[in-house]
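Colleague: Below are the structure tokens for one structure; questions will follow.
Any read-out appearing in this document is the output of simple, stated calculations on the displayed coordinates, not a laboratory observation. Worth saying up front: this structure is predicted, and the values here are computed from it rather than measured. Here the Cβ positions follow ideal geometry from the backbone for every residue, glycine too, while neighbour counts run over all protein chains shown.
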Amino acid sequence: MKLMVVGGGGREHAIIRSLKKNPDVEVIYALPGNGGIAADAVCVPIGATEIEKIVAFAVEKKMDYAVVAPDDPLVLGCVDALEEKGIPCFGPRANAAIIEGSKAFSKNLMKKYGIPTAAYEIFTELDKALAYLETAPIPTVVKADGLALGKGVIIAQTREEAKQAVTDMMANAKFGASGSTVVIEEFLTGPEVSVLAFTDGKVVRPMVSSMDHKRAGDNDTGLNTGGMGTIAPNPYYTDEIAKQCMKEIFLPTIRAMKKEKRTFKGCLYFGLMLTPNGPKVIEYNCRFGDPETQVVLPLLKSDLLTVMQACTNGTLAKTPVRFSKKHACCVIKASKGYPESYKKGYRLTMSERAERVTFVAGAKLENGKLVTSGGRVTGTTAVRGSLEEAITAAYRLSAGVKFGNAYCRSDIGQRALQAKK
Ligand code: AMP
Ligand code: GLY
């Protein structure tokens with residue numbers, strides 16, 4: 001089979017490594033992929049949002065199957081465009097990807113179908129939003145409606161901060177068009193859990209739970225990033241909570257989308273907060289999370305391609321999805337300065353042992369050698385019998401990943417270890 005994966009980060013590298021395990025796979029094209037992915041797939045210089053070029057390439061190569069991994073091509077209708085040309089895809093159509101593409105949509109969906117989430121108000125006019133903030137409970141959370149690379153969320157500790165955030169989004173267009181509508185919501189507390197789930201639109205099969213580490217610095221200090229490391233499974237997510245989430249959140253969401261004639265097929269990501277009043281949805285993503293995927297897929301025992309095709313074909317009910325009982329830890333190495341400005345172009349080297357378990361996010365090939373080209377550069381994942389062993393091994397292995405200006409958090413998994421004790 002000829003496969004194509006749209007995207008070019010650590011998540012896509014993890015997806016490609018898992019897909020490659022299927023003996024029927026002859027070749028995988030990555031659009032655009034990256035310098036590290038080039039070791040596992042044929043990289044094609046077409047950007048992930050160049051929908052017309054993606055479709056033309058898939059048609060020319062008579063692609064057997066396509067996986068669209070990032071949020072923006074999904075929201076732009078990449079799956080719709082490929083399916084129109086008869087190419088089967090993993091990923092939701094645009095009318096379902098809106099569950100991530102518009103926070104106003106997802107909040108209204110949850111309200112309509114009684115899915116637990118933070119209380120909220122939606123505003124399209126600045127003066128109404130400012131007036132609301134005069135009496136809103138503080139702290140409060142201000143979110144830009146559209147995709148903003150995870151940066152469109154402000155936790156405001158004071159009324160002034162909240163007003164500033166709303167003004168930046170609505171009047172100063174700090175997040176572009178994505179901020180012309182804002183959601184202001186109740187501040188929730190509790191441990192966060194990421195649950196990625198396969199779905200064919202009828203059946204939902206949650207993957208092993210995970211925990212992201214979003215802040216740039218140790219002990220959750222510093223700026224929010226795309227994610228500095230992950231562990232799986234998440235110790236806060238007990239079997240009992242999993243059952244409750246299935247009943248109150250996962251199934252109701254899949255059914256709601258179907259009822260709205262927006263059947264969701266692909267990977268639905270539930271960002272949950274385990275509050276004193278039960279699990280609540282913080283956000284939905286219409287795709288695999290990154291770096292969650294880098295711990296979740298290494299624990300998948302079933303064949304990824306088979307499971308993905310079952311999502312596409314609507315046969316997930318008959319397809320087993322099994323995970324290992326082991327533990328995984330992924331340590332991200334980033335360029336110093338990320339998520340703000342940073343230097344790139346440093347030579348990236350990996351020991352043989354590290355390379356086998358390292359997913360490359362931000363590096364390109366120059367004269368056949370890897371050099372850094374992004375904020376997050378690598379993710380190194382260890383799978384072991386216990387969380388403690390996985391953490392130790394992930395750090396030991398990631399020491400074999402070297403590049404100029406590198407930094408990583410030193411405490412990935414520590415909060416989870418505390419929770420287990
Ligand atoms: P999001 O982009 O929606 O995932 O938000 C980014 C981060 O902001 C989340 O991972 C949470 O840590 C935090 N967050 C978002 N919404 C809330 C909320 N209602 N209450 C508390 N924290 C929140
Ligand atoms: N790691 C969070 C995300 O993928 O959105």
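Colleague: Using the eigenvalues of the Cα gyration tensor, what equivalent ellipsoid semi-axes result for the stretch 117-219 when each is taken as the square root of five times the eigenvalue, whole Å, largest first? Kindly include the intermediate steps, with their values, before the conclusion.
Modeller: On the way: eigenvalues 157, 56, 40 Å².
Equivalent ellipsoid of the stretch 117-219: 28, 17, 14 Å, largest first.
Colleague: While we're here: Could you list Ile154, Ile412 in order of exposure, starting from the residue whose Cβ has the fewest other Cβ atoms within 10 Å? Before the final figure, lay out the partial values.
Modeller: Working: Ile154 22, Ile412 25.
Going from sparsest to densest Cβ surroundings: Ile154, Ile412.
Colleague: Among 10-16, 203-209, what's the highest-first ranking by average C-beta atoms within 10 angstrom per residue?
Modeller: By packing density, highest mean first, the sequence is 10-16, 203-209.
Colleague: Lys and Arg at +1, Asp and Glu at -1: add these up for the other residues within a Cβ distance under 13 Å of Gly400 and post the number. Working shown, then result.
Modeller: On the way: positive: Lys333, Arg353, Arg356, Arg396, Lys402; negative: Glu352, Glu355.
Summing Lys/Arg as +1 and Asp/Glu as -1 gives +3.
Colleague: Give me the base-10 log of I(q)/I(0) for the stretch 87-146 at each q in 0.15, 0.23 Å⁻¹, Debye formula, one uniform scatterer per Cα, rounded to two decimals.
Modeller: With one equal scatterer per Cα and no solvent, log10 I(q)/I(0) is -0.58, -1.05.
Colleague: Restricted to Cα positions, what overall size does the stretch 31-91 have along the principal axes? Three whole-Å values, descending.
Modeller: If we take the Cα atoms of the stretch 31-91, the spans are 31, 24, 18 Å.
Colleague: Gain in length, Glu186 to Glu160, computed as 0.36 nm per residue apart minus the alpha-carbon separation, to one decimal in nm?
Modeller: Values: separation 26, 0.36 × 26 = 9.36 nm, distance 1.64 nm.
Net length gain for the segment: 7.7 nm.
Colleague: Given bins 10 angstrom wide, list per bin the percent of all Cα-Cα distances in the stretch 16-122, short to long.
Modeller: Spelled out bin by bin, the stretch 16-122 gives 14, 38, 27, 15, 7, 0 percent.
Colleague: Rounded to two decimals, what is the ratio between the C-alpha radius of gyration of the stretch 375-421 and 2.2 N^0.38 Å? It would help to have the intermediate numbers written out before the result.
Modeller: Working: Rg = 11.8 Å, N = 47, 2.2 N^0.38 = 9.5 Å.
Taking N as the residue count of the stretch 375-421, the ratio is 1.24.
Colleague: Hey, another quick one. What is the order of Glu192, Glu52, fewest Cβ neighbours within 10 Å to most? Could the numbers behind the result be given before it?
Modeller: Numbers: Glu192 16, Glu52 9.
Fewest-to-most ranking of Glu192, Glu52: Glu52, Glu192.
Colleague: Calculate, in nm to one decimal, what Ala39 and Lys21 gain on full extension: separation in residues at 0.36 nm each, minus their alpha carbon distance.
Modeller: Details: separation 18, 0.36 × 18 = 6.48 nm, distance 1.45 nm.
Extending this stretch completely gives an extra 5.0 nm.
Colleague: To continue, here is another question. Counting pairs of Cα atoms in the stretch 199-284, how many percent are more than 15 Å apart?
Modeller: On the way: 2355 of 3655 pairs.
Summing the P(r) tail past 15 Å for the stretch 199-284 gives 64 percent.
Colleague: Which pairs in the list Lys111/Lys326; Lys318/Lys420; Lys111/Lys301; Lys103/Lys247; Lys21/Lys261; Lys53/Lys369 are over 31 Å apart, alpha-carbon to alpha-carbon? Don't skip to the answer; put the middle values down first.
Modeller: Details: Lys111/Lys326 37 Å; Lys318/Lys420 34 Å; Lys111/Lys301 36 Å; Lys103/Lys247 22 Å; Lys21/Lys261 35 Å; Lys53/Lys369 28 Å.
Where the Cα-Cα span goes over 31 Å, the pairs concerned are Lys111/Lys326; Lys318/Lys420; Lys111/Lys301; Lys21/Lys261.
Colleague: Under 16 Å Cα-Cα from Lys163, which lysines qualify once same-chain neighbours fewer than 8 residues away are excluded?
Modeller: The qualifying lysines are Lys128, Lys143, Lys174.
Colleague: Rg over Rh of the stretch 155-264, using C-alpha atoms and the Kirkwood radius, what does it come to? All intermediate terms of the calculation are to be shown ahead of the outcome.
Modeller: Details: Rg = 17.7 Å, Rh = 17.0 Å.
Looking at the stretch 155-264, the ratio lands at 1.04.
Colleague: Now a separate question. Rank the residues Arg215, Arg409 as a footprinting-exposure proxy: fewest other Cβ atoms within 10 Å of their Cβ go first. Can you show the working numbers first?
Modeller: Numbers: Arg215 17, Arg409 23.
Going from sparsest to densest Cβ surroundings: Arg215, Arg409.
Colleague: Grab the alpha carbons of the stretch 1-66, take their convex hull, and tell me the volume per residue in Å³.
Modeller: Working: hull volume 4.5 nm³, N = 66.
About 68 Å³ per residue, rounded to a whole number.
Colleague: Okay, next question. Can you pull the percent of Cα pairs in the chain with separation above 36 Å?
Modeller: Details: 19485 of 88410 pairs.
So the portion of pairs separated by more than 36 Å is 22 percent.
Colleague: Another question, then. Please report Rg (one decimal) and Dmax (integer) in Å for the Cα set of the stretch 249-401.
Modeller: Radius of gyration, then largest Cα-Cα span, for the stretch 249-401: 18.7, 56 Å.
Colleague: Whole percent per 10 Å bin, from 0 to the bin with the longest distance: what is P(r) over all C-alpha pairs of the stretch 286-329?
Modeller: Once binned at 10 Å, the Cα pair distances of the stretch 286-329 give 27, 49, 24, 1.
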